[in-house]
1. Using R₀ = 30 Å, calculate the FRET efficiency as 1/(1 + (r/R₀)^6) where r is the Cβ-Cβ separation of residue 70 and residue 22; round to 0.05.
2. What number, rounded to the nearest 500 deg cm²/dmol, is the helix-based mean residue ellipticity at 222 nm of the chain, given -39500 (n - 2.57) per DSSP H run of at least four residues and division by all its residues?
3. Using 0.36 nm per residue of separation minus the Cα-Cα distance, give me the extension gain between residue 185 and residue 111 in nm, one decimal.
4. Each label point is 7 Å from the Cα along the Cα-to-Cβ direction; what then is the distance between the points at residue 58 and residue 129, in nm?
5. Which angle between 0 and 90 degrees, to the nearest 10, do you get for helix 94-108 versus the longest principal axis of the chain when only C-alpha atoms count?
6. What list do you get for 165, 101 if you sort them by fewest beta carbons within 10 Å?
7. How far, in degrees from 0 to 90, does helix 124-138 lean away from the longest principal axis of the Cα atoms of the chain, to the nearest 10?
8. Just grab the label-to-label distance for residue 164 and residue 87, each label 7 Å out from Cα along the Cβ direction, in nm (one decimal).
């Protein structure tokens, strides 16, 4: 099984258990699994130990359990997944598990992340207004990340998942050019 497929299975199982047994902890579990993934990947010494095949699994499990104990109150299913990954020597996929779990929670909460590109920085009130407009169009809560790209000249390009709303001046000019070329034939 590929690491992506394995991460998907662990993330789905974590979501299902938290949703069934502790639905109020969906966001807490998301935050905790992301923090633990950042801890394991962001600390070179820790990542080196956890990803080293020469280190016995029993030591990795003991280290993971010690870190969980020091972390304080961790949602039990999150602690179980981390322990299970350590026991199976798969802690290297924890970051992917965290990402897939976050996507699953967002889908459950009908939240979609997107990106908006403008020629100049977009003021915060306009970004919020754009989020509200896209929320009405999609029926979901929209969270946008703003990006500046002067090459679009003006207007807005919004990406929500695989859907692109292109209202850029560059795109409009390209359409006009094509229409003129088609009319001249």
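1. Approximately 0.85, to the nearest 0.05.
2. -20000 deg cm²/dmol
3. Numbers: separation 74, 0.36 × 74 = 26.64 nm, distance 4.66 nm.
Once the chain is fully extended between residue 185 and residue 111, it gains 22.0 nm.
4. With each label point 7 Å from Cα toward Cβ, the separation is 6.6 nm.
5. Result, in degrees: 60.
6. Ascending number of Cβ neighbours within 10 Å: 165, 101.
7. 90 degrees
8. 4.6 nm
Values in this text are rule-based calculations from the coordinates and carry no lab data. None of the values given here were measured: they were computed from a predicted structure. Every residue, glycine among them, receives a Cβ derived from its backbone with ideal geometry; neighbour counts consider all protein chains shown.
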